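Below are the structure tokens for one structure; questions will follow.
The values are calculated or read from the model by the stated rules, or taken from the named source; none is laboratory data. Note that the structure is a prediction, hence the values are computed from the model and not measured. As a convention, Cβ positions derive from the backbone with ideal geometry for all residues, glycine included, and neighbour counts pool all protein chains shown. Quick note on the areas: whole protein, heavy atoms, side chains included, nothing else; ligands and nucleic acids left out. Shrake-Rupley method; radii C 1.70, N 1.55, O 1.52, S 1.80 Å.
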Amino acid sequence: MAIFQPVRGMHDFLPKEAYRFSCLIEQGRTLARHYGFHEIQTPILEKAEVFSRPLGESSDVVGKEMYLLTDRGGEILALRPEGTASVVRAFLSNGLTDTLPFKEFYTGPMFRYERPQKGRYRQFHQIGIENLGESSPWSDAESIFLAQQYLKSIQIEAFLEINTLGDAASRAAYKEALVAYFKEKRTTLSALSLKRLEQNPLRILDSKEPEDQDIIQQAPTLEAFLTSEARTFFETLCTGLKTLGIAYRQNPRLVRGLDYYTHTVFEFVPPSGEGGTLLAGGHYDHLVELMGGPKMSGFGWAAGLERLSLAACPMGAMERSIAVITVNFNSEAYTCARLLRDQGYIVEVFSGKDFGKLLKKADRNQARYAVILGEEEINTATVSIKDLDNRIQERVPLASLKEFSKPL
Ligand code: ATP
Ligand code: MG
């Protein structure tokens, strides 16, 4: 009978990869805590509207990529494609609007029906932060700093690109100019962009269609349409970034894939430009209101763990352990294991007739030492400790494992 394969674009994480992931997550979680962001966990399934309303029907994520399902009660649900909308939903449905700022860290699987390729999957994993209730560009700068410190801590070199999408008034003026420009180019625009011209012209700037690229390059940029408030906001952000010593490049064509951003948007991209954006986010002024809450600003970012894992230097080799090796499972073996685990060591018991094979198994399982319990050792209440890196072996009393203090 044929064996099952996972769903296209979805992967198992075997121990080495899973371990690497948990290192990347733990590093982010710890660092975020230092900046006052605490972990929140939200369900993977939400009502579809939680995403379609704030992200916009014309966004790729909602329009083309969202996994939708109807449950047995007839409710339309979505597998979450991103974290921000879920966090805002949780903030509102738990009645937390009086406890500001609401600073959250999250991690977990996200789902998008995209064409799978390297660094792009249908189930992927993000780590991210959201900061609700803080509207200053200084706070944006600090959250970007946290992102930069995180990438640095996992030895990823990435370059920061920033832009401003302005406030509502800037956007309205810009939209008008953009529509006029794209209408002139109507005959050469891609079919998808023509559709967006009607629904959400700003989205055209995010088009990946080859025939749109030249037109996008020549398009007017938002900068000329910024209100003085929006301009001041952006200038203060830049001052903030400089104060924190963060190098950046302003990319006037940077628009994010999601509709809810205002003012600051940013991306950390690999220096080679290859492999896709590693970490991205921005400021939002209307999202909380749009989801039924009070008017307040927020800022958030998310990084794709698979992309981080591909970009990070070799790191996170599995932790070393101690293997207890014996002929027949016996009480001495488990006594040894307990004594060692009590001192914080990772210990596995292997039993079998062929000690050579058992030692190989220990090696494969990252053991640094093998604690060998042959017949002779058992009869004399001793153990032989073999250093698997240096192949040195010594015999010691079993009870001495209580004070085993070798580094692994
Ligand atoms: P892209 O332009 O690469 O499609 P995006 O704008 O859709 O990215 P966001 O929604 O901002 O991405 O998500 C933040 C991060 O999540 C991205 O920078 C990327 O690292 C990661 N990410 C997004 N989609 C995927 C995916 N399908 N597979 C793996 N990682 C992803
Ligand atoms: Mg995308």
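Take LEU278 and decide whether it is open to solvent by less than 10 Å² (accessible area, probe 1.4 Å) and either away from ligand 1 (no atom under 12 Å from the Cβ) or not assigned by TED's automatic domain parsing to the domain that holds LEU146 (or both). Spell out how you get there, then give the answer.
Working: open to solvent by less than 10 Å² (accessible area, probe 1.4 Å): yes; either away from ligand 1 (no atom under 12 Å from the Cβ) or not assigned by TED's automatic domain parsing to the domain that holds LEU146 (or both): no.
Considered against the rule, which asks whether it is open to solvent by less than 10 Å² (accessible area, probe 1.4 Å) and either away from ligand 1 (no atom under 12 Å from the Cβ) or not assigned by TED's automatic domain parsing to the domain that holds LEU146 (or both), LEU278 comes out as no.
Mind telling me which of the residues THR382, THR326 ends up being more than 30 Å from LEU278 (Cβ to Cβ), surrounded by 14 or more Cβ atoms within 10 Å (Cβ to Cβ) and in contact with a Cys (Cβ under 9 Å, 6 or more places away or on another chain)? Even if it seems obvious, please write down each step before you answer.
Working: THR382 fails: in contact with a Cys (Cβ under 9 Å, 6 or more places away or on another chain).
Just a single option satisfies the conditions, and that option is THR326.
Under 6 Å between Cβ atoms, at least 6 apart or on separate chains: pull out the pairs that start in the range 207-234 with a residue that is in contact (Cβ under 8 Å) with a residue 40 or more places away in the chain and end on any residue that is open to solvent by 60 Å² or more (accessible area, probe 1.4 Å) and in a loop (DSSP other than H, G, I, E, B).
none
Please give the helices (runs of 4 or more DSSP H) falling wholly within the range 145-231 in which 2 or more residues are more than 26 Å from GLU274 (Cβ to Cβ).
Values: elements: 168-184, 191-199, 213-218.
Once the helices (runs of 4 or more DSSP H) in the range 145-231 are filtered for at least 2 residues that are more than 26 Å from GLU274 (Cβ to Cβ), what remains is 168-184, 191-199.
For the range 113-129, enumerate the residues that are open to solvent by 40 Å² or more (accessible area, probe 1.4 Å) and not aromatic (Phe, Trp, Tyr). Steps first, answer last, please.
Applying the first criterion (open to solvent by 40 Å² or more (accessible area, probe 1.4 Å)) to the range 113-129 yields 113, 115, 117-118, 120-121, 123.
Answer for the range 113-129, where residues must be open to solvent by 40 Å² or more (accessible area, probe 1.4 Å) and not aromatic (Phe, Trp, Tyr): ARG115, GLN117, LYS118, ARG120, GLN123.
Here's something else I'd like to know. With the requirement that a residue be over 24 Å from PRO54 (Cα atoms), open to solvent by 60 Å² or more (accessible area, probe 1.4 Å) and within 16 Å of ligand 1 (Cβ to nearest atom), what does the range 211-260 give you?
Passing the criteria: only GLN213.
Considering only the range 37-64, state which residues are over 13 Å from THR107 (Cα atoms) and open to solvent by 30 Å² or more (accessible area, probe 1.4 Å). Show your work before the answer.
First, pick out the residues of the range 37-64 that are over 13 Å from THR107 (Cα atoms): 45-64.
LEU45, LYS47, GLU49, ARG53, GLU57, ASP60, GLY63, LYS64, listed by residue number.
Still on this structure: Take the residues of the range 108-125 that are of a type outside the set (Lys, Arg) and within 15 Å of GLY276 (Cβ to Cβ): which is nearest to ligand 2 (Cβ to nearest atom)? If you could, list the steps in order and put the result at the bottom.
First pass over the range 108-125, keeping only residues of a type outside the set (Lys, Arg): 108-111, 113-114, 116-117, 119, 121, 123-125.
Remaining after also requiring within 15 Å of GLY276 (Cβ to Cβ): 110, 114, 116-117, 119, 121, 124-125.
Numbers: MET110: 11, GLU114: 7, PRO116: 13, GLN117: 12, GLY119: 11, TYR121: 11, PHE124: 10, HIS125: 15 Å.
Among residues in the range 108-125 that are of a type outside the set (Lys, Arg) and within 15 Å of GLY276 (Cβ to Cβ), the one nearest to ligand 2 (Cβ to nearest atom) is GLU114.
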